[in-house]
Amino acid sequence: MSGNVYNIGDSRRRTVNDRPLSETVNEAVNEFKAFAETRIAMLRSEMGEKVAMVKFAAPMAIIGALFGVTAWLLLTAAIVAIIAVAFAGTVYGPFIALVIVGVAYLIIGAGALWMAYGRFKTESLMPERTINVLKDDKVWLQNEARTQL
């Protein structure tokens, strides 16, 4: 015989080197597990990097905000006092000073919010590298499935 085994009633040929279906399925399952574990590890790594960045930045942001608000209140009081002195001859001097400073802050705050909104639209906390790799894997699997058929 030439290395082929023929089964009675089976029209297909099977070579001696063929593996049983269960072994092939087990190998495919193991490969899928390894594939999934790799992708999960990649996702954990990328998310860990982002969490580490947030852990460092959050306390700094809180400290900066605390000192910034304190400075902001003191500087605002100083600006209002300077403008009120300029309108010292009128009864409405403090009111006019508060309105001028309030409108200026409104314009500055609206501009800052607009810039922040634009930044939030362009930046994301999504694990982009992992998503791109998974998309590439999907294309590769689809191509492999087509070639196997």
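The values are calculated or read from the model by the stated rules, or taken from the named source; none is laboratory data. Small disclaimer: the values here were computed from a predicted structure and weren't measured. Note that each Cβ is placed from the backbone with ideal geometry, even for glycine, and that neighbours are counted across all protein chains shown.
Check whether at least one residue in segment 136-149 is under 16 Å from the mean Cα position of the chain (by Cα) and within 20 Å of residue 39 (Cα to Cα), and report yes or no.
No.
If a residue has to be within 18 Å of residue 47 (Cα to Cα) and charged (D, E, K, R) to count, how many in segment 95-134 make the cut?
Number satisfying all stated conditions: 3.
Taking segment 36-63, which residues are within 30 Å of residue 98 (Cβ to Cβ) and either surrounded by 11 or more Cβ atoms within 10 Å (Cβ to Cβ) or among the charged types (D, E, K, R) (or both)?
Hit for segment 36-63 is 61, nothing else.
Any residue at all in segment 116-128 that's out of contact with any Leu (no Cβ under 9 Å at 6 or more places or on another chain), in a helix (DSSP H, G or I) and closer than 30 Å to residue 38 by Cβ?
Checked segment 116-128: at least one residue is out of contact with any Leu (no Cβ under 9 Å at 6 or more places or on another chain), in a helix (DSSP H, G or I) and closer than 30 Å to residue 38 by Cβ.
So residue 87 clears everything in (1) modelled with pLDDT under 90; (2) aromatic (Phe, Trp, Tyr); (3) touching a helix residue (DSSP H, G or I) at 6+ places or on another chain (Cβ under 6 Å) except one condition, right? Which one?
That leaves (1) as the condition not met.
Among the candidates 96, 82, which residue alone is in contact with a Phe, Trp or Tyr (Cβ under 6 Å, 6 or more places away or on another chain), surrounded by 10 or more Cβ atoms within 10 Å (Cβ to Cβ) and of a type in the set (A, V, I, L, M, F, W, C)?
Answer to the selection: 96.
Just a yes or no: is a residue in segment 7-17 modelled with pLDDT under 80 and surrounded by 10 or more Cβ atoms within 10 Å (Cβ to Cβ)?
yes
Can you run down the residue pairs with Cβ atoms below 7 Å, 6 or more apart or on separate chains, where the first is in segment 66-79 and of a type in the set (A, V, I, L, M, F, W, C) and the partner is assigned to a helix (DSSP H, G or I) and surrounded by 11 or more Cβ atoms within 10 Å (Cβ to Cβ)?
Short answer, once both residue conditions are applied: 79/101.
Residues are listed down the side, and each one gets a yes or a no for (1) surrounded by 11 or more Cβ atoms within 10 Å (Cβ to Cβ); (2) out of contact with any Pro (no Cβ under 6 Å at 6 or more places or on another chain); (3) part of a helix (DSSP H, G or I); (4) modelled with pLDDT of 90 or more:
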| position | (1), (2), (3), (4) |
| --- | --- |
| 71 | no, yes, yes, yes |
| 100 | yes, yes, yes, yes |
| 114 | no, yes, yes, yes |
| 133 | yes, yes, yes, no |
| 140 | no, yes, yes, no |
